[in-house]
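Everything on this sheet refers to the single structure shown next.
Quick note: the coordinates plus some simple rules give every number you see, no bench work behind them. Bear in mind the structure is a predicted one, so any value in this text is a computation, not a measurement. Note that we place each Cβ from the backbone using ideal geometry, even for glycine, and neighbour counts take in every protein chain shown.
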């Protein structure tokens, strides 16, 4: 899943002639704290609510403001993981998308990004979750997949978390079946450390309810 697949045309970009007051009004309308600045389809930068407040002249044109996030954008072919990294690192409420010529193509809003990432992680698919803890040198995706598939299960998603100042990693695996008992037994036979496992249906119902509630909160 790449950036151009996540585009939303809901957000109205600013022009350099728009004022700080215009920008604040649009931010309040769309419930964001950032807006792209575009002139003749060229992306010029991203202005934040903080930039406008610090300029302290709401009637002044946006073109006269200093931008703290002038280069905050993603290329249309960047993967959703990279989009998330940039959005999280810069604490953005939306991410402008550009092409090779820096032409503005649209933005990715936070709700679209979260919904799309939930599809990547198979959040809405029923299935058990297993969290393994192991040394990074011992990680073998081939062996893990073989253990799972030997029990007639498949991996829906997998991601790795590392510990600061440690060689230990956590491997979180989402499976396509709720009955993960046989898979857990096989991991135990191979002497894997199972840090946690989740397979009760009410756990996933609660997780989905919390996710839906979070999206509703963002949309308020």
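For the reader, a short list of remarks on this structure follows.
- Full extension of the chain segment joining residue 2 with residue 194 gains 65.8 nm, where the gain is 0.36 nm per residue of separation less the Cα-Cα distance.
- Shape annotation for segment 3-118: C-alpha extents along the principal axes are 39, 27, 23 Å, from largest to smallest.
- Computed from Cα positions, the angle between helix 110-120 and the longest principal axis of the chain comes to roughly 20 degrees.
- Across the chain, Cα-Cα pairs more than 27 Å apart make up 48 percent of the total.
- FRET efficiency, 1/(1 + (r/R0)^6) with R0 35 Å, evaluated for residue 41 and residue 68 via beta carbons: 0.90
- At R0 = 35 Å, FRET efficiency that the Cβ-Cβ distance of residue 26 and residue 99 yields, to 0.05: 0.90
- Per-peptide packing, taken as the mean over residues of other Cβ atoms within 10 Å, places 9-18, 104-113, 164-173, 134-143 in the sequence 104-113, 9-18, 164-173, 134-143 from highest down.
- Inter-label distance, residue 119 to residue 146: 3.4 nm, where each label sits 7 Å from its Cα along the C-beta direction.
- Sites residue 165 and residue 17, calculated FRET efficiency, Cβ-Cβ separation with R0 41 Å, nearest 0.05: 0.20
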